[in-house]
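Written below as structure tokens is the structure these notes are about.
Bear in mind these aren't lab numbers, they're just calculated from the coordinates by the rules spelled out. In this text, all values refer to a predicted model and were calculated from it rather than measured experimentally. Here the Cβ positions follow ideal geometry from the backbone for every residue, glycine too, while neighbour counts run over all protein chains shown.
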Amino acid sequence: MRESEYYRRTSETEVRVKVRLEGSGIANIHTGILFLDHMLKSLSAHSLIDMSVEASGDLSHHIIEDVAICLGEAIRRALGDMSGIRRFGYAIVPMDCSLAFAAIDISNRPYPKIDLKLEGKRIEDMPCEDIYHFLETLTNSLRANIHVWVEYGLNDHHKVEAAFKALALSLRQAVSADPSRIGAPSSKGVL
């Protein structure tokens, strides 16, 4: 069973994240930021990665950033040496008026390309700039190449939710075992 736990305590935050890659999408999320909790529950439900996230801190920006750091690190540790994984994943998700795309390469080469086409400054209790920051920080912590973009949409909430669902499906595909693969999914022999 591929699972991991990562704990981070700083002078600003305290975050504990547990993941089980062969899960069923069970989420126990408590960050104190309602929209972040909602997106993490969606990420868990659609990736089928069981997630437990407990976070507290001084400022919401710090909590959001450190949750992304811990989640990426926990997933990366659960992957171990990454032998036998599919490595790549992609998805297209419609949600009401919105259409979102995501592609991921778990390659040890982090590169975020995020375009959510958000028009407002906040979604519920979360600043829009922190949504971008969460996805960029997750990319760097996971050491993956993650592209997420919204093609169109009228509602910022639906744009972000479609994007997180597309990311979840991409992640589910990328971390899954490839029964035909022996060793690292790379022509170099290592990732």
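Contact order for the chain, expressed relative to its length and based on alpha carbon pairs under 8 Å spaced 6+ residues apart, stands at 26 percent. Per the Debye formula on identical point scatterers at the alpha carbon atoms of the range 102-183, with no solvent, log10 I(q)/I(0) at q = 0.13, 0.19, 0.27 Å⁻¹ is -0.43, -0.82, -1.34. The calculated FRET efficiency for residue 124 paired with residue 77, based on their beta-carbon distance and R0 = 25 Å, is about 0.25. Tell me which lysines have Cα within less than 29 Å of residue 41's Cα, excluding those fewer than 8 residues away on the same chain? Hits, sequence-local ones excluded: 18, 113, 117, 121, 159, 165.
Running Debye on the chain with equal point scatterers at the Cα sites and no solvent, what base-10 log of I(q)/I(0) appears at q = 0.09, 0.12, 0.17 Å⁻¹? The computed values of log10 I(q)/I(0) come out as -0.29, -0.53, -1.07.
Taking the Kirkwood radius as the inverse of the mean 1/r across Cα pairs, report the Rg/Rh of the range 2-76.
We get a ratio of 0.95 for the range 2-76.
For the range 141-184, list residues with backbone N below 12 Å from a point placed 7 Å from the Cα of residue 88 toward its Cβ? The answer is 174, whose backbone nitrogens lie closer than 12 Å to the label point.
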